[in-house]
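Engineer: Quick one: this structure, given as structure tokens, is what I'll be asking you about.
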Amino acid sequence: MSDELFPIIWFGLIGFALIVYVILDGYSLGIGILFNVIQDDEQRGVMLTTASPFWDGNQTWLVLSVAGLYGTFPLVYSSLLPAMYLPLILMLMCLFFRGMTFEFRAKARTHQRVDNGFRVVTTAVAFIQGMIVGSVVDGVGTDDGNFAENALSAFSWFGLCTGAALVIGYALLGAAWLIIKTEGQLQRKFYRLIRPLMLLFILAIGIVVAITPIVNEQIAERWSQWPNPLWLAVTAVLMMALAVLTIRSATHRHEKRIFVQIAMMFMIGVIGLAASFFPVMLPPDITLWEAASSRASQQFLLVGYAALIPITLGYTAYSYWLFRGKVRVSEE
């Protein structure tokens, strides 16, 4: 196997772990975002219970992706981390509080403060994650591989747009998950939310896609080169088709199809973003091969990933199978 192939393999493995994290932890964060529209204390308890067996395991995929990035693309890690110190610290603090909420809510005498905190921190995590993506697309200023801007450079106006888009997307994922796990009046509320959330999500994606070539000249140039406009059109058609199918599935009460279709939209979005940059790993100019660690390091880590990914997939699948079915009020 050539030295040039290992970075591509690792790019795919890290991307896979990141996609799984976005989908699985995305719905968990979406539940907290939806606390903004569900006021009933008992219904909020049911919503939280649907994610309580899974939320900590879902975060394993984030750990896998970050660990893989650290070991196989150290230049990207060392350039990206200083650029994102402030938003990353804020995000981690919010994730800690999110975990505390799952444990403390059952013991609290009143839930109002805990619930308010939960919806604030989950919305903040979703927004920060989207903002980081937007800031990376905008480009990280480096000088010989070292971060060369200030701590506030992560808070770009484009990052604010992508942050808002991801908040809407996670809320949509959360509604789809809650349709699967709830029933009755509560489930009907989430069915009604699918259409407006999907329309907002498509609008937000459209705005982000329209602005992206303005903030990143490399993407603008790549999107203008044939046959990339054709692939852009195919991607747009697929996204619109999935949006329409999702709304139809909600109309006809196809519970599980809704989540699968929305997850596919996220997959297409992440893959499309990665393809727009490839082989650049960190805009504007750090490529996979420039950022990659030694072949020996990548081979060694690949052995660990080859064991960890099947184990993590198996654990995740088993936990979801074990806690399958509806969550009812009596289980809260």
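Engineer: Once phi is turned into θ = phi - 60°, what whole-Hz ³J(HN,Hα) does the Karplus curve with 6.51, -1.76 and 1.60 give for every residue of the stretch 233-239, x standing for Gly and Pro?
Structural biologist: My calculation for the stretch 233-239 gives 5, 4, 4, 4, 5, 4, 4 Hz in order.
Engineer: Cβ under 15 Å from ILE33's Cβ, ILE33 left aside: what net charge do those residues give with Lys, Arg +1 and Asp, Glu -1?
Structural biologist: That works out to +2.
Engineer: Classify the stretch 226-332 from the C-alpha gyration tensor, please: rounded if a/c falls under 1.5, else prolate or oblate depending on whether a/b exceeds b/c.
Structural biologist: It is oblate, given that a/c is not under 1.5 and a/b is not larger than b/c.
Engineer: If amide hydrogens are placed 1.01 Å from N in the peptide plane, which non-local residues have theirs closer than 5 Å to the one on ILE286?
Structural biologist: Placed amide hydrogens put MET281 under 5 Å from ILE286.
Engineer: Which pairs, out of LYS107/LYS326; LYS107/LYS189; LYS256/LYS326, put more than 21 Å between their alpha-carbon atoms?
Structural biologist: Over 21 Å apart, Cα to Cα: LYS107/LYS326; LYS107/LYS189.
Engineer: Would you check the accessible area of MET267, probe 1.4 Å, heavy atoms only, in square angstrom rounded to 10?
Structural biologist: 80 Å²
Engineer: Same structure, new question: Helix-derived [θ] at 222 nm for the chain: sum -39500 (n - 2.57) over DSSP H runs of at least 4, divide by residue count, nearest 500?
Structural biologist: That calculation yields -26500 deg cm²/dmol at 222 nm.
Engineer: For the chain, calculate the relative contact order in percent as a whole number, restricting contacts to Cα pairs under 8 Å that are 6 or more residues apart.
Structural biologist: So the answer I get is 26 percent.
Engineer: With springs only between Cα atoms under 10 Å, which of GLN112, GLN59, GLN43 fluctuates most in a Gaussian network model of the chain?
Structural biologist: Comparing GLN112, GLN59, GLN43 in a Gaussian network model of the chain, the most mobile one is GLN112.
Engineer: Residue-wise, which Karplus ³J(HN,Hα) couplings in Hz belong to the stretch 80-90, taking 6.51 cos²θ - 1.76 cosθ + 1.60, θ = phi - 60°, and x for glycine or proline?
Structural biologist: My calculation for the stretch 80-90 gives 6, 4, x, 5, 10, 3, 5, x, 5, 5, 4 Hz in order.
Engineer: Test of understanding: what is the full-extension gain from ARG324 to LYS256, defined as 0.36 nm times their sequence separation minus their Cα-Cα distance?
Structural biologist: Difference between extended and current length: 23.3 nm.
Engineer: Moving on. Please calculate how many Å² of accessible area the stretch 250-332 carries per residue, with a 1.4 Å probe and no DNA, RNA or ligand atoms counted.
Structural biologist: 59 Å²
Engineer: Sticking with this structure for a sec: Mind ranking PHE16, PHE266 by accessible surface for me, highest first, 1.4 Å probe?
Structural biologist: So the residues, ranked largest to smallest area, are PHE16, PHE266.
Engineer: Spelling out what I want: for every residue of the stretch 277-294, take phi, set θ = phi - 60°, compute 6.51 cos²θ - 1.76 cosθ + 1.60 (Karplus), and round to whole Hz; glycine and proline get x.
Structural biologist: Result, rounded to whole Hz: 9, 3, x, 6, 8, 9, x, x, 8, 8, 8, 4, 6, 5, 8, 5, 6, 5.
Engineer: Got a number for carbon plus sulfur as a percent of the chain's accessible area, 1.4 Å probe?
Structural biologist: 68 percent
Engineer: Assuming a ≥ b ≥ c are the square roots of the Cα gyration tensor eigenvalues, decide whether the stretch 50-94 counts as rounded (a/c under 1.5), prolate (otherwise, with a/b larger than b/c) or oblate.
Structural biologist: The shape class here is oblate.
Engineer: Looking at the P(r) of the chain, how many percent of alpha-carbon pairs lie beyond 31 Å?
Structural biologist: That fraction is 34 percent.
Engineer: Next question, about the same structure. I'd like the accessible area for ILE205: 1.4 Å probe, protein heavy atoms, all chains in place, Å² to the nearest 10.
Structural biologist: It works out to around 40 Å².
The values are calculated or read from the model by the stated rules, or taken from the named source; none is laboratory data. Given the structure is predicted, the values throughout are model-derived calculations rather than measurements. Glycine gets a Cβ as well: all are built from the backbone with ideal geometry, and neighbour counts include every protein chain shown. For accessibility, only protein heavy atoms count, side chains too; no ligands or nucleic acids. Shrake-Rupley method; radii C 1.70, N 1.55, O 1.52, S 1.80 Å.
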